[in-house]
Each structure stands twice: as structure tokens, then as C-alpha cells.
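> Would you mind keeping the following structure in view while I ask a few things?
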Amino acid sequence: MSLGGIVARNIRRIRLERGLTQEELAARIRINRNYVGMIERQENSPTVAMLDRIAKALGIEPARLFDEKAAGRKGE
């Protein structure tokens, strides 16, 4: 899996674990909901600064977004 795919899957997985919609996450970060969807579908690559904002909004360390094993979990 590509690094972009790992990040995208982890953002979606953690967002869902937190019970957040794309709209709720976007509101926390103060970005458009469509942008969250584009990141999760790998249609847009977030900057390092955006990854930091996403991690903070999800309440995690940014490094967790790069966890390949977590991204590959089935059923999430």
C-alpha cells in the first residue's frame, strides 16, 4: 500500500473510531467537508501542516497516521 493510502485509511479509520462524520472533522479543522473526503479517497494529498491539524483534531500523535499495520486491518 502506498504511503498516501496508509494515511488516507488511517484518517478514515480513526475518524470513525471517534464517531465523527467528515463534516464534524472538517469543522474541527476549519476546512471544507469535501476536502476531508478527498483526502480519505486519496484524491488530494494533505500537507504536513494539514496532517498535524488532522491529528490534533483526532486527538492522536501525527505518527499514528503513518501506521501501516493499522491501515491494513480488515473490517474497518
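The values are calculated or read from the model by the stated rules, or taken from the named source; none is laboratory data. As the structure is a prediction and not an experimental result, all values here were calculated from the model. Don't worry about glycine lacking a Cβ; one is built from the backbone with ideal geometry, like all the others, and counts go over all protein chains shown. Areas reflect the complete protein model, heavy atoms only, side chains present, ligands, DNA and RNA absent. Shrake-Rupley method; radii C 1.70, N 1.55, O 1.52, S 1.80 Å.
> Only residues that are open to solvent by 60 Å² or more (accessible area, probe 1.4 Å) and part of a helix (DSSP H, G or I): list them for region 12-31, please.
12, 16, 17, 23, 24, 27, 28
> Is there any pair with a first residue in region 10-26 that is within 13 Å of residue 60 (Cβ to Cβ) and a second that is among the aliphatic types (A, V, I, L, M) and surrounded by fewer than 19 Cβ atoms within 10 Å (Cβ to Cβ) whose Cβ atoms are under 8 Å apart and which are 6 or more apart or on different chains, and what are they?
10/70; 13/70; 14/60
> Among the candidates 43, 17, single out the residue that is closer than 21 Å to residue 69 by Cα and of a type in the set (Asp, Glu). Spell out the reasoning first.
Working: 43 fails: closer than 21 Å to residue 69 by Cα.
On inspection, the qualifying residue turns out to be 17.
> Taking region 32-57 as the search range and keeping residues that are in contact (Cβ under 8 Å) with a residue 12 or more places away in the chain and either closer than 16 Å to residue 2 by Cβ or not in a helix (DSSP H, G or I) (or both), which one is most open to solvent (accessible area, probe 1.4 Å)?
41
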